[in-house]
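The structure appears right after this line, and notes come after that.
All of the numbers you see were taken from the coordinates with simple rules; none came from a lab. Model, not experiment: these values are computed from the prediction. Quick reminder, even Gly has a Cβ in these numbers, built from the backbone with ideal geometry, and neighbours come from all protein chains shown.
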Amino acid sequence: MTLDDLFSAERPLEKWNLQGFHGAPVFLFPEIGSTNHWMKERWTENSHGSIALADQQNSGRGRFQRVWRSPAGKNIYLSLLLKPETIPLTQWAHLTQVAAITLAKFFEEIGLPVHVKWPNDILFQGKKMCGILSERISRGGSSGLVLGMGININSTPEDFEGLDRLASSLRIELGRPVNREVFLQEFLNRLEIAFKDFESTGIEPWLTAWRGMKNFFGSPARLVQVDQVTEGIIQDICPDGSLLFLPDGQSIPIVIYSGDLEI
Amino acid sequence: MSEMNVKELVELFSRSDIAELSYKDKDVELRLKKAGSTTVTAPVMQVPATMQAPAIIPAPTTAQATPVVPMDDPKIAIIKCPLVGTFYLSPAPGQPDFVQVGKKVSKGDTVCIVEAMKVMNAIESDVSGEVVEIMAESGALVEFGSPLIKIRTV
């Protein structure tokens, strides 16, 4: 299969043939509670680049326990296990940003010019296409990252009815269904290369690519932190992946590490 | 000093134990102070108008008013925040807290989570003992070095 098969008819899930990094396994589930939870329970026994993939999640969650709608047979819900050998605690968030930027570049490659909303959501014209929630776990001095991604591939408009935020899918925006198996293997191939590159170059090339995406930097936004809402302008991304945000009426930007941006 | 150097300096400062830092060269003068280190209330970093640089957002005060035990007790260990983010005592809303006052913990146990940039970082205890104080409020912003959990070691 190649990228030319992206719009071909999809095979049944049980016939999918996918590989994680370095041939690491991809665990396929027709239905599961949460791929992140499954992988967190098994992170010590699985290798770097292993993946849990579900056709349907019953209790997929985003941050603040927001429900991530995971209907059967339409989208991609995966948890990728990363075990980088040496990385400072303050740089683990870079891994999620490299994943988001790599996915955004892949979206653009197949015809959808999206942008990455800090810290790592992917939006097309304000509509959410992908959400990422990661969990770093440690035991006995070693650590791993379970990187959970929900990618809207073939959802139709009725799947998003009643949501309090705008969302869309590749199928809606490209006008035809996408073969998820092809999409996923092509994305994983790019992601494996991206992480290898990141190990040698650091985050800066990705930040440069991020800054090149339109409709984000310079945009007005609302920053929600705990119970506090601040309106202002998105200025830049700092080298550590934090957000540089200029509150309205102020002349000095602030550095944000935790919070929710509403554009 | 370039704008990028300023950002890197701010990042290093935010991760350090240093409470206050001054820097001056021919182009720029910086004064960095961490919230809570002094009586700082306004922007904690000031630079000339041509070299606008970020301020570290002041985090809410999270420390409890009165220590339960004397600070010089050698058996007391304090788990400090290893990064800037949001402190959570439980793995998810509605779920039990990792620890409560009086709970015994072993070295390596997860005692809390600090969320930064949508990475939920499980924070482990590096000692065994009994929790004597929760020093931050769940859901509050915490900074590098903020005290989180006080433990009487065994």
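Annotations
- For residue B:75, a cut-off of 19 angstrom between C-alpha atoms picks up these aspartates and glutamates, skipping any fewer than 8 places away in its own chain: B:109, B:124, B:126, B:130, B:133.
- With a Förster radius of 56 Å applied to the C-beta separation of residue A:31 and residue B:75, the computed FRET efficiency comes to 0.65.
- Directionally averaged shadow of chain A, computed from the convex hull of its alpha-carbon atoms, nm²: 14.1 nm²
- Approximate spin-label separation residue B:97-residue A:222, in nm, with each point projected 7 Å along Cα-to-Cβ: 3.1 nm
- Simple spin-label estimate for residue A:214 and residue A:8 gives 3.4 nm between the two label positions (7 Å along the Cα-to-Cβ direction from each Cα).
- Taking label positions 7 Å along the Cα-Cβ direction at both residue B:138 and residue B:104, the computed distance is 2.3 nm, reported to one decimal.
- Length gained when the stretch residue B:130-residue B:12 is fully extended (0.36 nm per residue, less Cα-Cα span): 39.2 nm
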